[in-house]
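Working notes, beginning with the structure itself.
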Amino acid sequence: MSQWFVVVIVWLFACTASFGQASALLLFGDSDHKTFLGCLNCSKYDSGSVCNEFGANGSQYNTDSIWNPYAQFGSKYSSEGPWNKYASSGPVIVDKEGQFYGRFTANKYVSDRTRIQALDQLADMVADGAELNDARKAFCGE
């Protein structure tokens, strides 16, 4: 692992810890935004967390997980997931009250891309070639 990658991992961990105090940030996919993809800032012990590797949303094997590189929401080539830097859409981030926090996408030109820096950095890192499992571990503080 390069020194740059380690610095980014530490920075991402610090950022995720800092926004963990806010409302639960929920990720929804598909064109109608009805597929729940997980909670982005919930405890890794929460069953709906993207960081719970034993839960559906944190598993690298689940078909509706952003961490499954062979599935609709985890593939770098899918227009439905956050890792494709050419996709014009991507999953949406909302809280329980329905407040919109933008799209979780690696495409820097999507007008409603989230402004949450840790998520933008994560998406960019994966789109630029970081291994998905390494990115998951960094984001989840493992």
* **Gain on full stretching of the segment that runs from residue 88 to residue 30 - 0.36 nm per residue minus C-alpha separation** => 19.6 nm
* List the residues whose amide H sits under 5 Å from the amide H of residue 113, counting only those 5 or more places along or on another chain, with H placed 1.01 Å from N in the peptide plane. => 103
* Can you list the HN-Hα couplings for the range 126-142, worked out from phi with the Karplus curve (6.51, -1.76, 1.60; θ = phi - 60°), rounded to whole Hz and with x for Gly and Pro? -> 5, 4, 8, x, 5, 5, 4, 5, 5, 5, 4, 4, 5, 5, 8, x, 9
* Structure fact -> Exposure-ranked with fewest Cβ neighbours within 10 Å first, 108, 85 stand as 108, 85
* **Amide H contacts of residue 25 (H built 1.01 Å from N, under 5 Å, at least 5 apart or other chain)** => 40, 41, 42
* To do: Give me 26, 119 ranked fewest to most by other Cβ atoms within 10 Å of their Cβ, as a rough exposure proxy.
  => 26, 119
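Values in this text are rule-based calculations from the coordinates and carry no lab data. All figures in this text were calculated on a predicted structure; none of them were measured in a lab. Every residue, glycine among them, receives a Cβ derived from its backbone with ideal geometry; neighbour counts consider all protein chains shown.
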